[in-house]
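Participant: Before anything else, here's the structure in question.
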Amino acid sequence: ANLYYVNEAYVISGDESLERLMPPETVTIEAAPGAEAKAVIEALKTLPDKENYGTMILEGITFNDVHIEGDTAYVDLSRENLNGSSLQEGFLISQIVRTLRGTFSEVAQVQFLVDGAVAESLMGHIDASKPFTE
């Protein structure tokens, strides 16, 4: 799996010359058949022991389901503890989309769901009603 993490230096400084996400961490993840995509996303909760690597996939965030159908990955989040700033929401989306697209060659887009349904937004700042490609 290729896990994408937040660049903490960017978050702290807001320096636009820095990349928003760090170079991917390539790891091996064991998962039951059909549960690979969810296991990959859950792995984003654990940070590598490297400087400036951060995550917006916080411990309180729960993934009801993550699965792939055709070229679309569906990420179903629980509404509980799903809140934050526009910066946090953007990073949460970016981390998940980049990780799924960078790990599973068949994934061209990611559709977010909240408690099983397409939501207007995850945290109230970014339109999440259509699939993301970046």
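The values are calculated or read from the model by the stated rules, or taken from the named source; none is laboratory data. Small disclaimer: the values here were computed from a predicted structure and weren't measured. Here the Cβ positions follow ideal geometry from the backbone for every residue, glycine too, while neighbour counts run over all protein chains shown. Accessible surface areas use protein heavy atoms only, side chains included; no ligands, DNA or RNA. Shrake-Rupley method; radii C 1.70, N 1.55, O 1.52, S 1.80 Å.
Participant: Starting from region 78-100, keep only residues that are on the phi > 0 side of the Ramachandran plot, then list their pairs with residues that are not β-branched (V, I, T) whose Cβ atoms are within a distance under 6 Å, requiring at least 6 positions of separation or different chains.
Facilitator: N81/G60; G84/M123
Participant: Now a separate question. Restricting region 86-134 to residues that are outside any loop (DSSP other than H, G, I, E, B) and among the polar types (S, T, N, Q), which is surrounded by the most Cβ atoms within 10 Å (Cβ to Cβ)? Step through it out loud before you land on a result.
Facilitator: Of the residues in region 86-134, the ones outside any loop (DSSP other than H, G, I, E, B) are 86-103, 109-114, 117-118, 132.
Pick out the ones that are also among the polar types (S, T, N, Q) and you get 86, 88, 94-95, 99, 103, 109, 111.
On the way: S86: 12, Q88: 17, S94: 17, Q95: 22, T99: 27, T103: 22, Q109: 16, Q111: 16.
Filtering first and then ranking leaves T99.
Participant: Please work out if I57 is at pLDDT 95 or above and open to solvent by less than 70 Å² (accessible area, probe 1.4 Å). Give the derivation first.
Facilitator: Working: at pLDDT 95 or above: no; open to solvent by less than 70 Å² (accessible area, probe 1.4 Å): yes.
When the stated conditions are applied, I57 does not pass them.
Participant: Any idea how many residues of region 26-54 are touching a strand residue (DSSP E or B) at 6+ places or on another chain (Cβ under 7 Å), open to solvent by 30 Å² or more (accessible area, probe 1.4 Å) and either closer than 25 Å to M123 by Cα or not aliphatic (A, V, I, L, M) (or both)?
Facilitator: 5
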